[in-house]
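Q: First, the structure itself, so that you have it in front of you.
The values are calculated or read from the model by the stated rules, or taken from the named source; none is laboratory data. These numbers come from a predicted model, not from an experiment. Cβ: placed from backbone, ideal geometry, glycine included. Neighbour counts: every protein chain shown. Note: accessible area is taken over every heavy atom of the protein model, side chains too, but ligands, DNA and RNA are not part of it. Shrake-Rupley method; radii C 1.70, N 1.55, O 1.52, S 1.80 Å.
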Amino acid sequence: MLILLIKCTYVLFIQQSHVGYCSMVNIMDTNLYSSENKCASPNDMNGKGALEVTSLVPDVAEEAHNEARKYPDVPPLRYGVGESPPILLSLILAIQNVMLSFGGNLLISVTIADLVCAEKNDPIRAKLFCTSVFVVGLTTVVQSAVGIRLPMLQGVSAAFLGPLLAMKSSGVWSCDSTGEMDSVSMSTNQTLLQNVTMTTKQEMVYYRVTQLQGSLMVSGLVTEVFLGGTGLLGYLVKLVGPITVCVTVTSLGLSLYPIPIFYCSKYLPVAVCGTVMMIVFIMYLTRIYVTIPTMRCNRNKVIESNKNPKLPFFQIFPLFITVVITWTLCGVLTLAGVFPDDPSDPAYGARTDARGDLISMSPWLFFPYPGQFGPPRFNTAIFIGFVSSYLSSNVESIGDYMIVSRATGTFPPPRHAINRGILTEGVMGVVAGALGAGHATTSYSDNVVIIKITEVASRSVMILAGFVCLLFGVIGKFGAVMASIPDPVMGGVTIVLFGLLVSVGLSSLQRVNLSSTRNLAVLGTSLYTGLVISEWLKLNKDSIDTGNASLDQVLKLIFGTQMFVSGLTSIILDNTVRGTTEERGMDDMTSFKTGNGSDTDTHDSVYDVPGVSQLQRKIPLLRHIPFLQPYRLE
């Protein structure tokens, strides 16, 4: 029913917004999704009022492509940033965006639960997932309404997976022992009591989670809150070029390869099945359209049933379809007795009832609150690792701001908006730490694809998506069900998702001169430096020995985080090696002027916070705050 509702509402939206003949070009083939800016008359609709969608013929496609190249920053939009679609349509579009974040929520919550050595049926797994979804929804609402004020879907920052995986691979936290290990790690931390020991494994789990909480809160304050609140980032952003964005995002995707390996190892056939389906849906079935029934309203507000356009269903929902099919396959194989009953067997993780007790133990309603896992504690090594994650997340967010601003025709975002966007991420990272999420959030690069496909850049849709996440976050049973997805299902999906993450990073090089030896040297050296150092540290865990256990942990996390080492190397090289702005692909950034945004933007107040101008008129001090719009005399 949900799928049918999505289909019907999507087509209803097309008819209400254009009420005419729309020609679309396949985004996977031409990297362009456009429609003609004309409405057909009733006589042109076969006399039935039917809206027909067809592929562009080559000549028309070439003409549309040339037109897009002529005005690249003014894409055709059905609904602009400040416009609101009908409520039902907005709800379906919001759910569509929310689907993008569930995979990341589950992935990082499971990673954190495994890192702190939580049992497979421990209710903390459902709590971590529900808290993660709740934080994503809350951050999306605040960021879209008050922060950058672009339709930005805030999701789990994959940058925080790097330090977590580095901690796991370097042996900073181990699940082999409890009291002895944690007593050593705490004795090296001057902010904690020297003689604290864990009496039970459950206490150890909660103690480690609270260490993640406190470290996340402090690192968010000293990085994003400081950089955005003081306006320093608005000036430093000029140091982050397309090469740095590419290196950081690409290194992030490459560094996550242990995750799909771990999940796929539970039962490889199911994982391969999921990967193949994702590939087929995304790459081969993009021209398969599903004919669906719908209705439209004529001028007399009479609802009429008619034939409708075909929806590229597999192209829009490949993740959702793959998870449902492979999850069902695991259920069938579980009932057939293919998977073993022994929890110690790796294939046991492919059973759909492997975490059955988790669902029964989870409450129907769950409201995240500060201190739910205990008072926040501090760990120096985790703090340094999260600082590197926040800094890498800044680069990723700035790149996403550029991508979304281009997609919405509001490029480039002004300096005050960038400051406010990063400040919002930092503040919400502190809130996430207080609630116990164990991770911060960042902007999602994938939601720009949704904008291009649907041609909807409405801020209100994204705010509604945030409220949907908030609702899902407080339904405990739902969180438990989502957390019980079999491991090989996630393994097959993450192979393609992380591969797409790498390609998103590489796409930042579109305006970079790749025939330049200078650019190739900076790009290759930066990528390879982070890869070599992080892998070397994995093979030589005991090579760092300064005589101070706390300092050793800090250095291991820094040099073990591939994206941070690569990103820092690229910033240094890209800004010290001589090269023109055109050569570096930065010729169109216009120094991030402090005005209202792009001259092509028809919405003058896209980046302005409502009500601030009136306050600035009454309180002159507000005119000098770097994350608020500049005061303009009327």
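Q: Just to confirm a number: summing +1 for Lys and Arg and -1 for Asp and Glu over residues other than Ala521 whose beta-carbon lies under 13 angstrom from that of Ala521, what do you get? Please list the in-between numbers first.
A: On the way: positive: Arg518, Arg578, Arg584; negative: Asp574, Glu583.
Charge balance in the 13 Å sphere: +1.
Q: Heavy atoms only, 1.4 Å probe, whole protein assembly: order Arg415, Arg355 by accessible area, highest first.
A: Working: Arg415 45, Arg355 15 Å².
Largest accessible area first, the residues go Arg415, Arg355.
Q: Now a separate question. DSSP loop (so not H, G, I, E, B), at most 16 other Cβ within 10 Å: list which trypsin sites (Lys or Arg not before Pro) in segment 491-567 pass both filters.
A: Values: sites: Arg511, Arg518, Lys538, Lys541, Lys556; in loops: Lys541.
Taking segment 491-567 and a limit of 16 other Cβ atoms within 10 Å, the loop trypsin sites (Lys or Arg not before Pro) found are Lys541.
Q: Quote the accessible area belonging to Cys273 in square angstrom, nearest 10, computed with a 1.4 Å probe and with ligands, DNA and RNA left uncounted.
A: Roughly 50 Å² of Cys273 is accessible to a 1.4 Å probe.
Q: Further question on the same structure: Just the number please: accessible area per residue for segment 377-422, 1.4 Å probe, all protein chains included, in Å².
A: Working: 680 Å² over 46 residues.
Value returned for segment 377-422: 15 Å² of accessible area per residue.
Q: Now for a separate question. Strictly over 28 Å apart at the Cα level, which of Lys238/Lys556; Lys266/Lys541; Lys477/Lys538; Lys201/Lys477 would you flag in this model? Before the final figure, lay out the partial values.
A: Values: Lys238/Lys556 30 Å; Lys266/Lys541 26 Å; Lys477/Lys538 38 Å; Lys201/Lys477 25 Å.
Going by Cα-Cα distance, Lys238/Lys556; Lys477/Lys538 fall outside the 28 Å limit.
Q: Cβ under 12 Å from Ser360's Cβ, Ser360 left aside: what net charge do those residues give with Lys, Arg +1 and Asp, Glu -1? Intermediate values should be presented prior to the final figure.
A: Working: positive: Arg355, Lys477; negative: Asp353, Asp357.
Result for the neighbourhood of Ser360: 0.
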